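Working notes for the structure below.
Please treat every number below as a calculation from the coordinates, not as lab data. This is a predicted model, so every value here is computed, not measured. Using ideal geometry, Cβ is built from the backbone for each residue, glycine included, and neighbour counts are taken over all protein chains shown.
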Amino acid sequence: MKEIVHLSRRSFLKNGILVGGGLTLGFYLPLRGSLSGASSPSGVTFMPNAFIRIGTDDKVTIIVNKSEMGQGVYTSLPMLVAEELEVDWTKIRVEAAPVDPAYNHTQWGVQGTGGSTSVWSEWDRLRKAGATARVMLINAAAEIWKVDPANCRAEKGLIIQRGTGQRISYGKLVEKASQMKVPKDVPLKEPKGFKVIGKSMKRLDTPEKTNGKAIFGLDVKVPGMLTAMVVRPPVFGGNVKSFDAKKAKAIPGVKEVVQIDSGVAVIAEGFWSASKGREALEIIWDEGTVAKLSTEGMREEFTRLSKTPGAVAKKKGDPQQAISKAAKQLHAEYEVPFLAHACMEPLNCLVDLHDDRCEIWTGTQLQTLDRDAAARVAGLKPEEVRIHTTFLGGGFGRRGNPQSDFVAEAVSVAKVIKKPVKVIWTREDDMKGGYYRPMWYDRIAAGLDDQGDLIAWQHTIVGQSILSGTPFDPKKDVDPASVEGAEDIPYEIPNIFVDLHSPKIGIPVQWWRSVGHSHTAFVVESFLDEVAHSTGKDPYEFRRQLLSKHPRHFGVLKLAAEKFGWGKPLPKGHGRGIAVHESFGSFVAQVAEVSVNPSGKVHVHKVVCAIDCGRIVNPDTIKAQMESGIVFGLSAVLYGEITLESGRVSQSNFHDYPLLRMNEMPVVDVAIVSSEEKSGGVGEPGVPPIAPAVCNAIFAAMGKRIRRLPIRIEELIKS
Amino acid sequence: MISLEVNGKKCKVDVRPDTPLLWVIRETLGLTGTKYGCGMALCGACTVHVNGEAIRSCVTPVSSVDGKRITTIEGIGKTKEGKAIQEAWISDDVPQCGYCQSGQIMAAIALLKRNPKPADTEIDETMSGILCRCGTYQRIRQAIHRAAKKMAQGGKR
């Protein structure tokens, strides 16, 4: 999401000044009641900046401005603070940040989590926050002891005086430290001195995620709360023509049935009464133009478009001429479907709306946009809206909706009922609710000279723009999110051409873990494998020769190949495939070992993954995210597909939108490259290479090239 | 009125008899550790124990468990297997988003009660009923083995 950088320069600058100029003491924060955070009987806390609060009980609360959706930010970001603050890890508590410009993303100008940016975008700010606090605590102790601060050092939540060995805990310094001047330009540690960064620190949120105490959006309760379900149009863009609520209202527990912008809301005492009420509701819809759409029709249209010139995303050399003159040409078409995020926690949002304020509890990835949308719907000022970010039961991009769909809708329900109300999406609502990973169609060609060298590459992409029409719209012909991973291929090819068609077809689309890379890596790395095989060269060797100018790509490729034992004999019927891809500032290569049984069922036995994400913060989190990305990607390779028939989404729940299960889990082995480069992301980069690695392995195992996902068993049945 | 014993406490609930046990646990009794994921017994996020057996509470009408003993994630830590599993989950840092983990843990505990030393194939068979979108499967497998080992050592002492 690097294209978002320029969008809100004003708030970015504002934020920059806040940090650069130092935050004043007593800086106002609309903090919510902390569950387990720092507390002080006297009410005095030391809060040197927006991210740290130390209580007289020695507890250190770190206020995290990123949403915890599994990727580990409630651990990795506190690690950045803790490194400089010199604090006892067991005394750290985490609290979700409220919505405030102080918590804006350092690059986006709004508060949000995504694009695998959390660690690198907070790398400087959070370390500075920790260092500033430490210096103030040292200065406070020095003043009490009447010694030079240079004679004091901080360690595990204590300030220790050199020589005398006298010590005082942070909690006892709270009052004094609060009177210290906020220092400017505090020096930060050199990496060789790191004690926390680079270590596999235990996740701070694990205990509460094993005993039922972790609170997700769906778990929040407020007194007098009602539950609502919304019946949304069966076709995207449809509207309510009329409805009859008589039978629904007759269901015990149903309180109200009301029309809102997005459909008809059934408001009831709880989930079951709302769901019974909804079953009894009769609605006549005005379905609109999307009712004419079907997946098959879209495929035909995309195919037609792919044969016409699109908006140019990349042109190097003269690819058309080079291909036409090539000694050998290869042509292929690749296709991937719409995909649902299918977070385990279906969407939900609790709203408590009053005349002068609005409280919202939800798991969101885009707090500022949601707050502003809520304010618009409620007729309030943004500062009168408070968002309490809960744990997210998965996000994968879906909970960062640029239209704030699930938040704005819940506020509109609250506006009618005038009581606290939680809108719950059923699994079916969530699955059919749109904002999918776009369906893509790719036409791709390569030219080889008479030496077998790759001299031309031509790639046409067809699919809906994700950013178009959102506040992040780049307002250009080429949406960078559509061509990322395709217009910037690392391979040394003299002639390259990439163009793009972005048809507007009315199906809501959105970023889905790894965004454009989720499809471009599959196409590029599969087709490159086709080219390699056509020359008779080993796919690893073929890539190596083309990556001479990209050492980090080659580094992970080599590491994965070595760790797997590339070239060593495999069991009969097994095949291995390799793929490498850069995304979100990180480089990932994967080798998959696969077999296909006679009935066409694919078995992924093993995946070796190598990642270079620059500077390592929490190695175990990096491993977990690679495992996670591989599973997420495998579900898409093997099963994931949202289709439409007469504008209606055909899938509804996990029986027709299956996810990978435990019995299908390959052994995953992750290797991390040690690096001093700037940190890259880890939440998404594990996803892109798995589809091509698996499909390349299938080709190696049985000579069948997969060019359309998900894999269709019928294509693999052995004759 | 339906009588239940939940996590050792006896209670009576006055709800529609067809209400799924899940929503009685979550809304009537306020125990939100048990999760809603699919409503069709497809994902296992709602797994609880009824008289010691793992069941899917999202499709279990509360009337069908009248008078029975129910254990949820909030109460399972008191058992030997529960404690071992929770500790192993922490050791291996299993959860990511955490939403499915109550179901995973309840299923894993039922497995260990049945078979204190399960092989990979048995783990896969039992645990394949519980979906995890974050992909924590490898660590779940590892943590079940860890808990089994710990319990075996505990037994020897």
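Taking the number of other C-beta atoms within 10 Å as the exposure measure, put B:Lys117, A:Lys66, A:Lys172 in order starting with the fewest.
B:Lys117, A:Lys172, A:Lys66
Using a 10 Å cut-off around each Cβ of peptide B:98-107, what is the average number of partner chain Cβ atoms that fall inside?
For this peptide, the per-residue mean of nearby foreign Cβ atoms is 6.
Quick one: which residues, 5+ away or cross-chain, put their amide H under 5 Å from the amide H of A:Phe243? H built at 1.01 Å from N.
Result for A:Phe243 returns A:Ile284.
With n ≥ 4 as the cut-off for DSSP H runs, can you work out [θ] at 222 nm for chain A, using -39500 (n - 2.57) per run divided by the number of residues, rounded to the nearest 500?
Computed mean residue ellipticity for chain A: -8500 deg cm²/dmol.
Restrict the search to segment A:377-419; then list the trypsin sites (Lys or Arg not before Pro) that DSSP places in a loop and that have at most 11 other Cβ atoms within 10 Å of their Cβ.
A:Lys418
Where the only charges are on Cβ atoms (+1 Lys, Arg; -1 Asp, Glu), what is the dipole of the protein assembly as shown about its Cα centre, to the nearest 20 debye? Display every interim value, and only then the final one.
Numbers: 114 positive and 97 negative charges, 443 e Å.
For the protein assembly as shown, the charge dipole is close to 2120 debye.
So, how do all the Cα-to-Cα distances of segment A:421-542 break down into 10 Å bins, in percent, from 0 on up?
Spelled out bin by bin, segment A:421-542 gives 12, 37, 26, 16, 7, 2, 0 percent.
More than 14 Å apart: what percent of Cα pairs in segment B:2-71 qualify?
Everything past 14 Å amounts to 51 percent.
Can you give the Rg/Rh ratio of the protein assembly as shown, where Rg is from the C-alpha atoms and Rh is the Kirkwood radius?
Working: Rg = 27.7 Å, Rh = 28.6 Å.
That ratio equals 0.97.
To the nearest 0.05, what FRET efficiency results for A:His331 and A:Asp124 with a Förster distance of 41 Å applied to their C-beta separation?
After rounding, the FRET efficiency stands at 0.30.
Starting from 0.36 nm per residue, how many nanometres of slack lie between A:Asp453 and A:Asp473 once their C-alpha separation is accounted for?
Extending this stretch completely gives an extra 3.3 nm.
Determine the gain in length on full extension of the stretch A:Lys181-A:Ser200; use 0.36 nm per residue of separation and subtract their C-alpha separation, reporting nm with one decimal.
3.4 nm
Using a Förster distance of 56 angstrom, determine the FRET efficiency expected from the C-beta separation of B:Lys10 and A:Lys381, and round it to 0.05.
Between B:Lys10 and A:Lys381 the formula returns 0.65.
Under 12 Å from a label point 7 Å along Cα→Cβ of A:Arg304: give me every residue in segment A:203-240 with its amide N that close.
none
Enumerate the calculated ³J(HN,Hα) couplings along segment A:111-125 in order (Karplus 6.51 cos²θ - 1.76 cosθ + 1.60, θ = phi - 60°), each rounded to whole Hz, writing x wherever the residue is Gly or Pro.
For segment A:111-125, the Karplus curve yields 7, x, 10, x, x, 6, 10, 4, 5, 5, 6, 9, 3, 7, 4 Hz.
Check which residues have an amide H placed less than 5 Å from A:Val110's amide H, if you skip close sequence neighbours.
A:His105
What is the angle, in °, between the Cα long axis of helix B:101-114 and the longest principal axis of the Cα atoms in chain B? Nearest 10 is fine, range 0 to 90.
Between the helix axis and the principal axis of chain B, the angle is about 70 degrees.
In nm, to one decimal, how far is the modelled label at A:Asp355 from the one at A:Gln259, with both set 7 Å along Cα→Cβ?
2.9 nm
Using the Cα centre as the reference, give the magnitude of the dipole from point charges on the C-beta atoms of segment B:2-71 (Lys, Arg: +1; Asp, Glu: -1; all else neutral), rounded to the nearest 20 debye.
Using Cβ point charges on Lys, Arg, Asp and Glu, segment B:2-71 gives about 140 debye.
Other chains' Cβ within 10 Å of B:11-18 residues: what's the mean? Can you show the working numbers first?
Values: counts 0, 0, 0, 0, 5, 7, 0, 2.
Partner-chain Cβ atoms within 10 Å, mean over residues of B:11-18: 2.
Under the definition of partner shielding as Cβ atoms of other protein chains within 10 Å of a residue Cβ, what is the mean value for peptide B:120-129?
Values: counts 2, 1, 0, 2, 5, 2, 2, 4, 6, 3.
The shielding value for this peptide is 3.
Among the listed pairs A:Lys328/A:Lys563; A:Lys209/B:Lys78; A:Lys475/A:Lys549; A:Lys91/A:Lys172; A:Lys475/A:Lys504, give every one whose C-alpha distance is greater than 24 Å.
A:Lys328/A:Lys563; A:Lys475/A:Lys549
Working from the pairwise distances between different alpha carbons, so that the mean of 1/r is found and then inverted, what is segment A:233-335's Kirkwood radius in Å?
Value: 18.5 Å, from the Cα pair sum.
Taking a spot 7 Å from the Cα of A:Arg162 along the direction of its beta carbon, which residues of segment A:192-209 have an amide N less than 12 Å from it?
Those under the cut-off are none; the list is empty.
Taking only Cα atoms, what is the 0 to 90° angle, nearest 10, from helix B:80-91's long axis to the longest principal axis of chain B?
Taking the Cα atoms of chain B, the angle to B:80-91 is about 60 degrees.
Just want the ordering: A:Arg127, A:Arg615, A:Arg576, from fewest to most Cβ atoms lying within 10 Å of their own Cβ.
Final ranking by Cβ density, sparse to dense: A:Arg615, A:Arg127, A:Arg576.
Be a star and scan segment A:265-303 for residues whose amide nitrogen sits under 16 Å from the point 7 Å along the Cα-to-Cβ vector of A:Ser242.
Answer for this model: A:282-287.
Rounded to whole Å, give me the distance from the Cα center of segment B:116-157 to that of segment A:570-601.
Spelled out, the Cα-based centre of one part sits 26 Å from the other.
Mind jotting down the three principal axis lengths of segment A:163-311 based on Cα atoms? Whole angstrom, largest first.
Reported extents, whole Å, longest axis first: 82, 59, 34.
Taking θ as phi - 60°, what are the ³J(HN,Hα) couplings along segment A:618-631 by the Karplus curve (6.51, -1.76, 1.60), each to the nearest whole Hz, with x for Gly and Pro?
10, x, 5, 5, 4, 4, 4, 6, 5, 4, 5, x, 5, 5
Hey, what do the phi angles of segment A:418-432 turn into as Karplus ³J(HN,Hα) couplings, whole Hz, using 6.51/-1.76/1.60 and θ = phi - 60°, x for Gly and Pro?
6, 9, x, 9, 10, 8, 10, 8, 6, 4, 5, 4, 5, 5, 8
Under a crude label model (7 Å from the Cα following the beta-carbon direction), how far is A:Ala250 from A:Ser674 in nanometres?
For the pair A:Ala250/A:Ser674, the computed spacing is 7.5 nm.
Quick query: amide H of B:Val6 versus all other amide H atoms, modeled in the peptide plane; which residues come in under 5 Å with a sequence gap of 5 or more or a different chain?
Long-range HN contacts for B:Val6: B:Cys11, B:Ile70.
Enumerate the lysines that A:Lys422 could reach by cross-link, defined here as Cα to Cα under 17 Å, with residues fewer than 8 away along the same chain left out.
A:Lys221, A:Lys255, A:Lys276, B:Lys35
Can you work out the FRET efficiency for the pair B:Lys149 and A:Val667, with r the C-beta to C-beta distance and R0 = 22 Å, to the nearest 0.05?
0.70
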